[in-house]
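Here the structure comes first, spelled out in structure tokens, and everything after it is commentary.
The values are calculated or read from the model by the stated rules, or taken from the named source; none is laboratory data. Predicted model, so just to flag it, every value in this text is computed and none were measured. In this analysis, Cβ positions are derived from the backbone assuming ideal geometry, glycine residues included, and neighbour counts consider all displayed protein chains. The area values use the complete protein model at the heavy-atom level, side chains included, leaving out ligands, DNA and RNA. Shrake-Rupley method; radii C 1.70, N 1.55, O 1.52, S 1.80 Å.
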Amino acid sequence: VQLQASGGGLVQAGGSLRLSCAASARTFGNNAMGWFRQAPGKEREVVATITWNGGRAYYADSVKGRFTISRDNAKNTVYLQMNSLRPEDTAVYYCAAARGAVPTTTTEGYNYWGQGTQVTVSS
């Protein structure tokens, strides 16, 4: 499975961005997906996850109410809509495909990773 993330950029605080992650595999629809982020000097952390069919989502407390994860299995794509962005959201954002249909919140639960897309929020 190859994952290609896009949509990052520079935005002012309070602004919005929509990240996309396109998957190459036909089995995309069988896998849970996740978005993670890593800021300089910090460990990679989970942002949001979604089950294989999009029926259930998880959000880190820091983004709850501001970010929305979704997926379109017909397009082999998962999205992360980010609203009300804050400077502390600045990081490289990675999409990842889980080992199975149920997502986890740790990096160990994902075996395919995209290349990352930079999100920078200015104050």
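What's the extension gain from ARG18 to ALA60 if we count 0.36 nm per residue and subtract their Cα-Cα distance?
13.4 nm
When the Cα atoms of the range 58-120 are enclosed in a convex hull and the volume is divided per residue, what value in Å³ results?
104 Å³
Let's test the formula: R0 of 30 Å, r as the Cβ-Cβ distance of ALA39 and GLN2. What FRET efficiency results, to the nearest 0.05?
It comes to 0.75.
Could you rank THR49, THR90 by how accessible they are, 1.4 Å probe, largest area first?
Largest accessible area first, the list is THR90, THR49.
In nm, to one decimal, how far is the GLN118 label point from the ALA101 one, both placed 7 Å along Cα→Cβ?
Computed distance between label sites GLN118 and ALA101 equals 4.0 nm.
Just by accessible area at a 1.4 angstrom probe, what is the order of VAL1, VAL11 from largest to smallest?
Working: VAL1 65, VAL11 25 Å².
Listed by decreasing accessible area, they come as VAL1, VAL11.
Any idea what the relative contact order of the chain is, in percent, if you count C-alpha pairs under 8 Å spaced at least 6 apart?
36 percent
Taking one equal scatterer on every alpha-carbon of the range 37-90, how large is log10 of I(q)/I(0) by Debye at q = 0.18, 0.27 1/Å?
-0.65, -1.13
Given a cut-off of 18 Å, what percent of all Cα-Cα pairs of the chain lie beyond it?
In whole percent, the share of Cα-Cα pairs in the chain beyond 18 Å is 44.
For the chain, which whole-number percentage of the solvent-accessible area (1.4 Å probe, protein heavy atoms only) is attributable to carbon and sulfur atoms?
Numbers: 2910 of 6300 Å².
Carbon and sulfur atoms account for 46 percent of the accessible area of the chain.
Counting heavy atoms of the protein chains only and a 1.4 Å probe, report the per residue accessible area for the chain as a whole number of Å².
51 Å²
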